Amino acid sequence: MIMLAACSGNEAGSDPVEPAEKNDPPAEKPVEKEDEKASLEIFSWWTGAGEEEGLLALIDVFNQKHPEIEVINAAVAGGAGTNAKAVLVSRMQGGDPPSTFQVHGGAELNESWVAAGKMTPLNDFFDAEGLNDKFPQELIDLVSKDGNIYSVPVNIHRGNVLWYNQKVFDELNLKAPTTFDEFFKVADTLKEKGITPLALGDKEAWTATHLYESVLLGHLGAADYGKLWTGDLSFDDAKVKEATEIFAKMLDYVNEDHSARNWQDAAQLVADGEAAMNVMGDWAKGYFDGRGLKVGTDYGWAPTPNSNGMFVVITDTFGLPNEIDNPETVKEFLAVLASVEGQDAFNPKKGSIPARVDADVEKYDEYGKAAMEDFKTNDLGPSLAHGSAANEGFVTKVNDAMVMFVTQKNVDHFIEQLVAAAKDL
Ligand code: BGC
């Protein structure tokens with residue numbers, strides 16, 4: 001859990017006030033300018049191809065409905081919120097919260113901001129907007145704590161996706177691997193042909209954690225994978241060790257410059273055919289589409305090895321911080337974000353599927369339609385790399401251990417670090 005200071009130096013009354021001169025005329029109260037436009041600051045980490053387009057499409061819908069409100073797009077670059085989350089912590093601690101901010105449903109929302117008492121419950125808002133039956137219960141649960149709802153989901157991303165360059169696969173007569181054995185066979189063929197089998201961009205360590213969690217899921221299965229986060233399965237279980245060995249072997253097939261690239265740069269290798277595969281959430285689809293590629297022709301997808309029938313759920317959500325002075329304006333935005341129109345403007349560009357159950361399926365391509373079906377029928381699991389499975393403290397420790405693991409591949413040491421970190425779960 002992120003520890004937040006109980007109070008901050010910026011609170012009202014803490015600023016030094018100049019003593020008034022004896023004969024000064026009474027100070028005039030500053031008059032609020034009535035014609036000043038209300039503003040709304042939206043804080044996120046959506047700056048890349050696809051994700052930024054999604055955000056701008058959503059803002060566009062909002063602007064059409066509320067021309068009287070000025071939107072400030074306060075996005076901070078860095079995948080999975082690498083930089084944005086740090087900026088957010090310092091703003092929240094400094095008593096300067098953005099009007100609303102991107103936060104993953106699950107532990108990231110509930111065990112940090114909600115637990116620290118920084119968020120306003122939205123139950124009345126859900127009632128007033130008639131939203132209670134418009135989201136799957138699994139999502140409502142991810143944004144709720146002790147019976148209160150604290151944010152509005154805008155999407156559902158799938159984490160366990162293997163993306164591949166369709167043309168490279170067709171030329172070499174390869175099929176998307178469904179098991180780890182198939183993965184390594186395909187990877188060997190690609191290597192022989194001089195093509196990097198697996199693109200990785202772990203300049204930000206979360207991408208390696210993302211790959212690792214997909215291997216854990218595939219090797220352990222959804223039930224045991226879920227037990228890792230509740231403490232019912234220890235990280236020194238034999239299966240976790242085997243999964244870590246599989247992961248280490250996968251790292252033998254990645255691009256040499258992996259530590260100099262971010263997730264977009266890794267996806268780019270696949271888009272350009274320099275690498276054949278990449279494991280990434282379906283924001284990579286937003287990236288491919290944003291670059292003009294087409295699913296089925298330029299790129300293909302499959303669940304990551306051994307994870308058919310399983311769906312790692314990542315939901316981006318927005319809530320109402322306590323210490324803001326424009327809650328009604330924020331609620332206007334949340335209403336648009338929660339609407340069918342808002343979600344269907346955002347998600348086709350973002351690569352995600354709508355969080356709402358009644359969105360317009362026809363706005364989504366074959367990937368989106370398949371993801372919607374899979375979400376309904378698959379075993380759902382939380383994501384470690386994207387904040388739903390475990391608290392930020394644990395995620396940070398795993399990412400730190402990952403930096404060393406990717407270069408040293410010392411399985412036993414890595415497991416020891418996971419076991420030690422799991423004491424925080
Ligand atoms: C978010 C996505 C985002 C991705 C890359 C994930 O944590 O949920 O919305 O596109 O990170 O930045």
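The values are calculated or read from the model by the stated rules, or taken from the named source; none is laboratory data. Treat the numbers as computed from the prediction; the structure is a model and nothing was measured. We place every Cβ from the backbone using ideal geometry, glycine too, and count neighbours over all the protein chains shown. Just the protein is used for accessible areas: all its heavy atoms, side chains included, with ligands, DNA and RNA removed. Shrake-Rupley method; radii C 1.70, N 1.55, O 1.52, S 1.80 Å.
Between Thr179 and Glu328, residue separation times 0.36 nm minus the direct Cα-Cα distance comes to 48.6 nm. Residue-wise HN-Hα couplings along region 224-241, as the Karplus relation 6.51 cos²θ - 1.76 cosθ + 1.60 with θ = phi - 60° gives them from phi, are 5, 4, x, 5, 4, 8, 9, x, 7, 9, 7, 5, 9, 4, 4, 5, 5, 5 Hz; Gly and Pro carry x.
Entry note, the chain: relative contact order of 27 percent, from Cα contacts under 8 Å with a spacing of 6+ residues. Cα extents for the chain along the principal axes, largest to smallest and rounded to whole angstrom: 87, 47, 39. A 1.4 Å probe run over the protein chains yields, for the chain, 44 Å² of accessible area per residue, whole-number rounding. Under 5 Å between amide hydrogens, built in the peptide plane, is the criterion, and for Glu70 it picks out Ala38, Ser39, Leu40 among residues at least 5 positions away or on other chains.
The apolar share of the surface of region 206-293, taken as the fraction of accessible area on carbon and sulfur atoms (1.4 Å probe, ligands and nucleic acids excluded), comes to 42 percent. Please report the net charge: other residues with Cβ closer than 12 Å to the Cβ of Lys191, K and R +1, D and E -1. Its environment carries a net charge of -1. Is there a pair in Lys134/Lys369; Lys227/Lys350; Lys175/Lys227 whose C-alpha atoms are over 25 Å apart, and which pairs would that be? Exceeds cut-off: Lys227/Lys350; Lys175/Lys227.
Distant-in-sequence amide contacts of Gly319, defined by a placed amide H-H separation under 5 Å and a gap of 5 or more residues or a different chain, comprise Phe101, Val152. Charge dipole of the chain (Cα centre as origin; +1 on each Lys and Arg Cβ, -1 on each Asp and Glu Cβ, all else neutral): 1120 debye, rounded to the nearest 20. Any idea how far the Cα center of region 360-425 sits from the one of region 304-336, in Å? Going from one Cα centre to the other spans 18 Å.
Shape verdict for region 275-425, please, from the Cα gyration tensor: rounded (a/c under 1.5), prolate (a/b greater than b/c) or oblate. Oblate, because a/c is 1.5 or more while a/b does not exceed b/c. Label positions at Asp400 and Leu172, each projected 7 Å from the Cα along the C-beta direction, are separated by 3.8 nm.
Cβ under 15 Å from Gln166's Cβ, Gln166 left aside: what net charge do those residues give with Lys, Arg +1 and Asp, Glu -1? Net of charged neighbours comes to -3. Distances between placed amide hydrogens fall under 5 Å for Ala75 paired with Ser44, all partners being 5 or more residues away or on another chain.
Ala260 sits among other residues whose Cβ lies under 11 Å from its own Cβ, and their net charge, with Lys and Arg +1 and Asp and Glu -1, is -2. Distance from the alpha carbon centroid of region 44-114 to that of region 226-256 works out to 32 angstrom. One chain, two ends: Asn148 and Asp236. Fully extended at 0.36 nm per residue, the span grows by 28.1 nm beyond their Cα-Cα distance. The residue among Val114, Leu139, Thr196 whose Cα reaches farthest toward the positive pole of the charge dipole of the chain, with charges on the beta-carbon of Lys, Arg, Asp and Glu, is Thr196. What's the FRET efficiency of Glu138 with Glu362 using the Cβ-Cβ distance as r and R₀ = 35 Å, to the nearest 0.05? Efficiency, rounded to the nearest 0.05: 0.90. So if we plug the beta-carbon distance of Asp257 and Arg91 into 1/(1 + (r/R0)^6) with R0 = 45 Å, what FRET efficiency do we get, rounded to 0.05? That pair, Asp257 with Arg91, gives E of 0.85.
Here each label is just a point 7 Å from Cα along the line to Cβ, and for Ala128 and Asp265 those points are 4.6 nm apart.
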